[in-house]
Amino acid sequence: MSNTSQQLTLALSKGRIFEETLPLLEAAGITVSENPESSRKLILPTNDPNVRVIIVRASDVPTYVQYGAADFGVAGKDVLYEHGGEGLYQPIDLNIAKCRMSVAVRSGFDYETAVRHGARLRVVTKYVQTAREHFASKGVHVDLIKLYGSMELGPLVGLADAIVDLVSTGSTLRANDLVEVEQIMDISSRLVVNQAALKLKRERLQPILEAFEKASKRNS
Ligand code: PRT
Ligand code: MG
């Protein structure tokens, strides 16, 4: 069921990625006709009859693009790293939805000393792949526990010693008495393009990619 017409389908997630992609679409002359926060529609038309937007979960964007159900999409580096990026061409860092991936612990937990003494740490995270690589590269022994949200709760109720999660302002950590002890990587969102679409729909895609690239430089 791939998307073979000459129409272009763009996969976005609701919330910050949708909001921060709108100005890039504007720069390409594309206006989305409905707001996904108020509409229940999952397929949104635009002012360009050849371009439509589909609304999917942030972590599902790479999957839709990989299988060609969307020609292109916008996804965080966190999501792409976990997905692995197979079948995706990643031409542009859009410099939007910026944050960092960090290790945080309960304030009062002496992370440095625990690591130095070779303690085995329990870590909750949605980002198992990224966390595994990070701790392996540092030689820290960890038991990783996968969660799907509210990682911040883990250390507060004794599920874990540490979390690996995204941080932007730091207010979620502060509100839950957690402190950031390590920054793993800087995160921003990238444009991802289906490899077959890049060849077959190049004429339609190219001007949009160029407009995105130009507009995203303003965010850097
Ligand atoms: O929310 P849902 O479960 O549907 O999916 P999602 O969390 O994957 O989607 P969404 O829309 O929340 O995030 C989409 C993308 O935005 C992520 O994949 C990141 O690349 C990027 N991004 C940028 C963030 C943040 N900043 C961010 N602060 N994603 C999540 N957060 C969360 C973080 O997980 C933590 O709970 O915000 C909280 C921390 O924020 P501060 O400001 O309190 O530090
Ligand atoms: Mg979220």
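FYI, it's all coordinate maths here, none of it is from the lab. Values in this document were obtained by computation on a predicted structure and should not be read as measured data. Counting neighbours? That spans all protein chains shown, and the Cβs are built from the backbone with ideal geometry, glycine included.
This model, with +1 at the C-beta of Lys and Arg and -1 at the C-beta of Asp and Glu, gives the chain a dipole about its Cα centre of some 300 debye.
Remark: segment 140-220 is approximated by an ellipsoid whose semi-axes, taken from the C-alpha gyration tensor as √(5λ), come to 39, 17, 10 Å, largest first. In a simple Cβ point-charge model (Lys, Arg +1; Asp, Glu -1; nothing else charged), segment 99-186 has a dipole of about 200 debye relative to its Cα centre. Taking Lys and Arg as +1 and Asp and Glu as -1, the other residues whose beta-carbon sits under 12 Å from that of Glu37 total +2.
Shown in residue order for segment 43-59 are the 3J(HN,Hα) couplings computed by the Karplus curve 6.51 cos²θ - 1.76 cosθ + 1.60 at θ = phi - 60°: 10, 10, x, 10, 5, 9, x, 8, 10, 10, 10, 10, 9, 10, 4, 3, 6 Hz (x for Gly and Pro). Mean projected area of the Cα convex hull of segment 99-186, taken over all directions, amounts to 5.0 nm². Structure remark: mean-square fluctuation, Gaussian network model of the chain, C-alpha springs under 10 Å; the largest value among Gly108, Gly170, Gly154 belongs to Gly108.
The residue among Thr172, Ser59, Val115 whose Cα reaches farthest toward the positive pole of the charge dipole of the chain, with charges on the beta-carbon of Lys, Arg, Asp and Glu, is Ser59. Neighbour counts of C-beta atoms inside 10 Å place Phe212, Phe109, Phe72 in the sequence Phe109, Phe212, Phe72, starting with the fewest. In the chain, the inverse of the mean reciprocal separation of distinct Cα atoms equals 18.7 Å; this is its Kirkwood hydrodynamic radius.
Working note: 222 nm ellipticity from helices only, DSSP H runs with n ≥ 4, each -39,500 (n - 2.57), summed and divided by the residues of the chain, gives -8500 deg cm²/dmol to the nearest 500. For helix 16-27, report the angle its Cα long axis makes with the longest principal axis of the Cα atoms of the chain; keep it between 0 and 90° and round to the nearest 10°. Long axis of 16-27 versus the principal axis of the chain: about 30 degrees. Largest GNM mean-square fluctuation among Ser150, Ser188, Ser102, using the chain with Cα springs under 10 Å: Ser150.
Using 0.36 nm per residue of separation minus the Cα-Cα distance, give me the extension gain between Ser171 and Ser107 in nm, one decimal.
Taking 0.36 nm per residue and subtracting the Cα distance, the gain is 21.6 nm.
Past 24 Å, Cα to Cα: identify those pairs from Lys77/Lys214; Lys41/Lys199; Lys98/Lys214; Lys41/Lys146, in the order given. Checking Cα-Cα distances, Lys41/Lys199; Lys41/Lys146 exceed 24 Å.
Segment Glu180..Gln206, full-extension length gain: 5.3 nm, with 0.36 nm per residue of separation and the alpha-carbon distance subtracted.
Have a look at Asn50, Asn35, Leu25 and report the one farthest towards the positive end of the charge dipole of segment 2-103, computed about the Cα centre with Cβ charges (Lys/Arg +1, Asp/Glu -1). Final value for the positive-end residue is Asn35. Which distance in Å, rounded to a whole number, links the C-alpha centroids of segment 124-164 and segment 167-220? Cα centres, segment 124-164 to segment 167-220: 23 Å. DSSP beta bridges confined to segment 99-186 are antiparallel in about 60 percent of cases. Extension gain for the segment Asn219 to Ala136, taken as residue separation times 0.36 nm less the Cα-Cα distance, is 26.6 nm to one decimal. Relative to the longest principal axis of the Cα atoms of the chain, the long axis of helix 202-217 lies at roughly 50 degrees. Simple spin-label estimate for Leu156 and Thr31 gives 4.3 nm between the two label positions (7 Å along the Cα-to-Cβ direction from each Cα).
With axes computed from alpha carbons, what is the tilt in degrees of helix 128-138 against the longest principal axis of the chain, rounded to the nearest 10 within 0 to 90? Value to nearest ten degrees: 50.
Run the numbers on segment 36-80 and let me know its relative contact order in percent, using alpha-carbon pairs under 8 Å that are six or more apart. Provide the component values of the computation, followed by the final result.
Details: 36 pairs, mean separation 11.6, N = 45.
Across segment 36-80, relative contact order equals 26 percent.
Each residue, Leu22 and Gln90, gets one label point 7 Å from its Cα in the Cβ direction; the gap between the two is 2.7 nm. The mean sequence distance of close C-alpha pairs (under 8 Å, at least 6 residues apart), as a share of the length of the chain, puts its relative contact order at 28 percent. Comparing Thr63, Thr46, Thr169 in a Gaussian network model of the chain (Cα springs below 10 Å), the most mobile by mean-square fluctuation is Thr169.
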